[in-house]
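For reference, the structure discussed in these notes is given below.
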Amino acid sequence: MGAGDKASQPLGINGLGRIGKLTLWDHLFSKRFDKIIVNTGREVGKSLDDLIQVIETDSTYGTLSKFLYGYTRKCDIKVVDADQAVLEIDGTTVKVLREARNPKDIAWRREGVRLVVETTGQFLDPTLPADYKTGSLRGHLEGGAEKVIASAPFKIKDKTKSLPDDSLLVVQGINHTDFDPAKHHVISAASCTTTGLAHMIKPLIEAEQTSRILTASMSTIHAATNTQSVLDSVPKTGAADLRKNRSVMNNIILSTTGSAKALEMVMPEIKRVGFMADSVRIPTNTVSLIILNLTFHTPLDDAGEPLINHLLLNDIYRTAAEGSQKGMLVYSDRQNVSSDLIGTRAAVVIEGHESHTRTGFINLPPETLAGFGVPASAEVQIPVTHAKLFGWYDNEYGSYVNCLGELTAYVAKNMG
């Protein structure tokens, strides 16, 4: 669904935080929908002018005018109906609902909204009923929507429950075609890190030379998010991780990420690898870095040199960037720093300049082989290559919201 292929129904967005506002910006830019209904569930500031200021300014990406046009012109925001908070922004009608915060009470049916993007981060459990006392992801369906896309991974509170049959976790460009409009009504667009990681892994799984990954792990050097404390604060009762309450401005903070588990859901073939993942939070506003460590069994050429090396890996990424993952994966030979990637519209940008490998040997003595029923009279040496790869991703707009927007357009187009 492009600029000339608009959806007939309005799009609903619940929330106007980091992902909510940038999702609105993305659809104002792409012109996929003629009308967008945003729910804040409360008044913003003291007047409609305050709400408009929130919409048109951003500390990371600048003004909405700059986002849409660069420095060439100013974005035109017209107040169509002040009482109903109806605006016209760059030719798109935007209406802001301020009455309800519980998804089931939001007037999606009244507004003709069939598809909602849930961006608050508060409603992520697909197993909770629509009338759950504190609100539920399924409440959007009771409110009149037919499909809801959560802008974060599912979080099932009751560990005895499994993912319902009508729910689906996807990454755009990886498994989004698994969406079945007749079956799936509750969708998760995974996370920014899972999105970048999946697009880093995909070319390696698909290339014959690198498809047999022995081990894999990753660390994401991740920009700050609103879940962190600006200054040190007191942890909640029962909190297990005290570091989440330490000042994001003054610390490097070890953290966790569910991206490895989510990766297995969108790429089942990775389950055999035993993927590990962790996160390190740093005091920057956006753009994060995946450091991916992999080991491969590698054959040797006639000269005894490993066939898997950094040149091969970079060539695999170049080919993917120009072919099957064009627009989703970018290969770069430049020496980048994080601010260079702000706003880059790609799931991941491979830092080819830093790709490197080292090959060693695993020595298996005869007695070890005999334990596996393999007869041997001498020690066997198996060549193994360790690779370290780097992938940038703008965890707010450029990578995640861009992919979320593409997924939203795909779902809308296939809803019928």
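The alpha carbon convex hull volume per residue for the range 193-397 rounds to 159 Å³. Straight Cα distances below 23 angstrom link Lys66 to the lysines Lys21, Lys31, Lys35, Lys74, Lys78, Lys95, with same-chain residues fewer than 8 positions distant left out. Counting only residues at least eight positions apart within a chain, or on another chain, the lysines with an alpha carbon under 20 Å from that of Lys133 are Lys104, Lys155, Lys157, Lys159, Lys161. Among Thr256, Leu329, Thr134, which residue has its Cα positioned farthest towards the positive end of the charge dipole of the chain, with +1 placed on the Cβ of Lys and Arg, -1 on the Cβ of Asp and Glu, and the dipole taken about the Cα centre? Farthest towards the positive pole: Thr134.
Restricting attention to the range 193-397, lysine pairs at least eight places apart or on different chains and with alpha-carbon atoms under 27 angstrom apart total 13. How far is helix 310-322 tilted off the main Cα axis of the chain, in degrees rounded to 10, range 0 to 90? That works out to roughly 30 degrees.
Mean separation of Cα pairs under 8 Å and 6 or more residues apart, divided by the residue count, gives the chain a relative contact order of 14 percent. Listed by Cβ neighbour count within 10 Å, with the fewest neighbours leading, Met276, Met200 appear as Met276, Met200. Once the convex hull of all Cα atoms in the range 11-164 is built, its volume per residue stands at 116 Å³.
Only lysines eight or more places from Lys183 in sequence, or on another chain, were considered; those with a Cα closer than 16 Å are Lys147, Lys413. Principal-axis analysis of the Cα atoms of the chain puts helix 402-415 at an angle of about 70° to the longest axis. Think of the chain as having a plus end and a minus end, set by charges on the Cβ of Lys, Arg, Asp and Glu; of Phe275, Ala412, Leu204, Ala412 sits farthest toward the positive end of this dipole.
When Rg and Dmax of the Cα atoms in Å is computed from the coordinates, the matching label among [x] 31.7, 104; [y] 21.6, 77; [z] 23.6, 87 is [z].
No value in this document is a laboratory result; all are computed from the given coordinates. What you see is a predicted model, and the numbers here were worked out from it, not measured in a lab. Cβ: placed from backbone, ideal geometry, glycine included. Neighbour counts: every protein chain shown.
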